[in-house]
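The values are calculated or read from the model by the stated rules, or taken from the named source; none is laboratory data. Since the model is a prediction, treat every value here as computed from it, not as a measurement. For neighbour counting, all protein chains shown are included, and Cβ atoms are generated from backbone atoms with ideal geometry for every residue, glycine included. All accessible areas refer to the heavy atoms of the entire protein, side chains included, with ligands and DNA or RNA removed. Shrake-Rupley method; radii C 1.70, N 1.55, O 1.52, S 1.80 Å.
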Amino acid sequence: MNITQILVGSLSVITLFSALMVIISRNPVHSVLWLIVTFFSISGHYIVLNAQFLAIVNIIVYAGAIMVLFLFVIMLMNLNRETEPQKNKWLKLAGVLSGGSLLLVIVAALHTGDIKAMAQVKEGDIGLIGTLGKELFSTYVVPFEISSILFLSAMVGAVVIGKKE
Amino acid sequence: MPIVYYLYLSLALFCIGIVGVLTRRNAIIIFMCIEIMLNAVNLLLVAFSKMHPPKAGIDGQLFVFFIMVVAAAEVSVGLAIIVMMYRRIHSVDVNFLNRLKH
C-alpha cells in the first residue's frame, strides 16, 4: 500500500463523511459548511488525478462562488435549527430505502462485470491549463461562447425573478 | 488506481445526494444535494478521462468544465426562485409548494 493509495483512501473517507453530514445535520448553515468540505476533498481527488485546472476551477466556482451564494441566502432568510422543516420518520425511512436500493442495484450490476481498467494518477498532461486551454479555444470555441450567452441570460433571469413586482 | 474504485466512490456520493433529496424538506438543502450529485458525476468523468493516457481525456475534462458552468448558472436562477418563494409564503418548505394543485 503506497502513499497514493493512502491519500486517495483518506480523501474518499472525508468526501463520503462530509456528504453524509450535509444530509444529516439539522442546521442548514452546518450543511453548507460540510458541503464546502466535500468540494475541497473532491478537488483533492482532482489533484491526485493530475487534473489541476479542474481542481482550481472547482475550488473557485463551487467552494468560492456557489457556496457563498448559498450561505448568503440562508443567512438572509435567518434559517436555523428551529425553523428547519422535518419529514416524518416513515417518509425518511422510505427515502433511505429507495436510495439504498438504487445503490444496491448498481453495485450488483458493477460487481458481475470484471473491470480491469486503471486510472492514471499523478502523471499525464491532460489536465494542465495549457492543454485544456488550447483545446477550449480552438475546437470548443463555439460552446464556450454559447456558455457566455447562457450566463448573460441566467443573470437577466435572476434579476427579473428577484425584482419586486 | 483501479477505475472501479472511483466508480464505487462516485456511486456512493450520487446515492447520498439522492437520499438527501428524498429525505429533506428544506428547498435549499435539496438544491445542495443536487450539487452533490453533479459533483459525483464530475468526479467519475475526470477519472474516466485518465483511463486512456496519451490524449483521449481532453474532451472529458472540458465536458466537466461545461457542467460546472451550467451548474453555476443553474444555482443563480434557482436561488432567485427560492428567494421569491420565501417572500411569498415565508418558508422554504417544499410541502407548501403543492398549491398549484388547488
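Odds and ends about this structure:
- Flag for B:L44 being in contact with a helix residue (DSSP H, G or I) (Cβ under 7 Å, 6 or more places away or on another chain), facing chain A (nearest Cβ under 7 Å) and open to solvent by 10 Å² or more (accessible area, probe 1.4 Å): no
- Selected residue [more than 19 Å from B:V75 (Cβ to Cβ), open to solvent by 60 Å² or more (accessible area, probe 1.4 Å) and either facing another protein chain (nearest Cβ under 9 Å) or in contact (Cβ under 8 Å) with a residue 40 or more places away in the chain (or both)] from A:L69, A:L91, A:L150, A:L76: A:L91
- Residue within region A:118-128 that is open to solvent by less than 70 Å² (accessible area, probe 1.4 Å), of a type in the set (A, V, I, L, M, F, W, C) and over 24 Å from the mean Cα position of the chain (by Cα) present: no
- Tallying residues that are modelled with pLDDT of 90 or more, at the interface with another protein chain (Cβ under 7 Å from one of its Cβ atoms) and surrounded by fewer than 20 Cβ atoms within 10 Å (Cβ to Cβ) within region B:19-41 yields 1.
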